[in-house]
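Participant: Supplied in structure tokens, the structure appears directly below.
The values are calculated or read from the model by the stated rules, or taken from the named source; none is laboratory data. The model shown is predicted, which means the values in this text are computed figures rather than measured ones. Positions of Cβ are backbone-derived with ideal geometry, glycine not excepted, and every protein chain shown enters the neighbour counts.
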Amino acid sequence: MADNVVYFENIQARPPVQSVLFRLGYKNGMTQVPETQLSSIDNTIKEGFSLCELKGAYAYCNVLSVTDSSVVITGGIEFKSKGLAALFQGCTRALLLAATAGKTITRRRDGEVGAGNGSTALIFDAAASETADYGLDWMQEMQEKQLVKKSIQVTRRFSPGYGDLELSNQKPLYGILGLEKIGISINDRFILEPEKSVIGLCGIR
């Protein structure tokens with residue numbers, strides 16, 4: 001675990017309702033939904049938000065080397081990925097981020113499935129996914145506001161399991177961030193628990 005990890009036990013920020021609607025396939029001005037149904041969906045999304053227990057963590061580390069196909073960070077940890085390497089060209093540091101929406105929302109989702117309320121379960125699932133992603137957005141934006149004052153550029157975010165960065169890379173990032181401190185575990189298939197938990201990293205140049 002890095003010694004500069006910052007933890008957030010209770011992030012109050014939530015994504016826009018519109019982002020959940022978009023994840024559900026709703027496109028403003030194109031998808032035709034009766035107003036009463038849209039209002040009901042909106043209320044269910046907000047209920048889903050209330051069930052999320054958003055926590056997060058971030059830390060900085062040094063980028064030791066970048067080749068055409070790999071990135072090595074502090075501790076000699078190597079990420080083999082042409083996509084990540086292209087993104088990190090010219091970067092000297094990295095910002096590591098993780099967030100979780102907690103267990104309550106997915107337990108409630110599963111309960112709704114068991115009760116035959118598939119549409120409610122689908123909305124809760126989308127709300128949880130968006131909330132976890134938004135946790136990363138929130139922390140990244142917070143750091144970018146500080147770094148831009150120093151004319152420091154932050155790249156877009158890259159996550160294990162995306163592109164050619166294998167999911168197994170979640171394991172070293174999990175260890176660096178000490179994610180057990182915010183209730184996240186990782187299994188031998190590199191899957192995070194709670195289910196709606198995400199890890200990402202950005203380059204800094």
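Participant: Filter segment 174-205 for residues that are hydrophobic (A, V, I, L, M, F, W, C) and within 19 Å of residue 86 (Cβ to Cβ); which is surrounded by the most Cβ atoms within 10 Å (Cβ to Cβ)?
Facilitator: 201
Participant: Quick one: which of 152, 123 is surrounded by 14 or more Cβ atoms within 10 Å (Cβ to Cβ), in contact with a helix residue (DSSP H, G or I) (Cβ under 6 Å, 6 or more places away or on another chain) and either farther than 19 Å from residue 43 by Cα or at pLDDT 95 or above (or both)?
Facilitator: Within the list 152, 123, the selection yields 123.
Participant: Cβ-Cβ distance below 8 Å, separation of 6 or more or different chains: which pairs start in segment 104-129 with a residue that is farther than 25 Å from residue 16 by Cβ and end on one that is in a helix (DSSP H, G or I) and modelled with pLDDT of 95 or more?
Facilitator: 110/121; 113/121
Participant: Now for a separate question. Please verify whether residue 152 is more than 13 Å from the chain's Cα centre (by Cα) and either under 15 Å from residue 58 (Cα atoms) or not in a helix (DSSP H, G or I) (or both), treating the condition exactly as stated.
Facilitator: yes
Participant: Separate question: Cβ-Cβ under 9 Å, sequence separation 6+ or interchain: first residue in segment 132-151 and free of Cβ contacts under 8 Å to residues at least 24 places away in the same chain, partner of a type in the set (Ser, Thr, Tyr) and surrounded by 17 or more Cβ atoms within 10 Å (Cβ to Cβ). Which pairs?
Facilitator: Close Cβ pairs (under 9 Å, with a partner that is of a type in the set (Ser, Thr, Tyr) and surrounded by 17 or more Cβ atoms within 10 Å (Cβ to Cβ)) amount to 142/58.
Participant: Looking at segment 152-187, which of its residues are charged (D, E, K, R) and touching a residue at least 40 places away in the same chain (Cβ under 8 Å)?
Facilitator: 156, 157, 164, 166, 181
Participant: Among the residues of segment 126-172, write down those that are in contact with a Lys or Arg (Cβ under 8 Å, 6 or more places away or on another chain), closer than 15 Å to residue 96 by Cβ and among the β-branched types (Val, Ile, Thr).
Facilitator: Of everything in segment 126-172, just one residue is in contact with a Lys or Arg (Cβ under 8 Å, 6 or more places away or on another chain), closer than 15 Å to residue 96 by Cβ and among the β-branched types (Val, Ile, Thr), namely 155.
Participant: How many residues does segment 107-135 contain that are among the hydrophobic types (A, V, I, L, M, F, W, C) and more than 30 Å from residue 58 (Cβ to Cβ)?
Facilitator: 4
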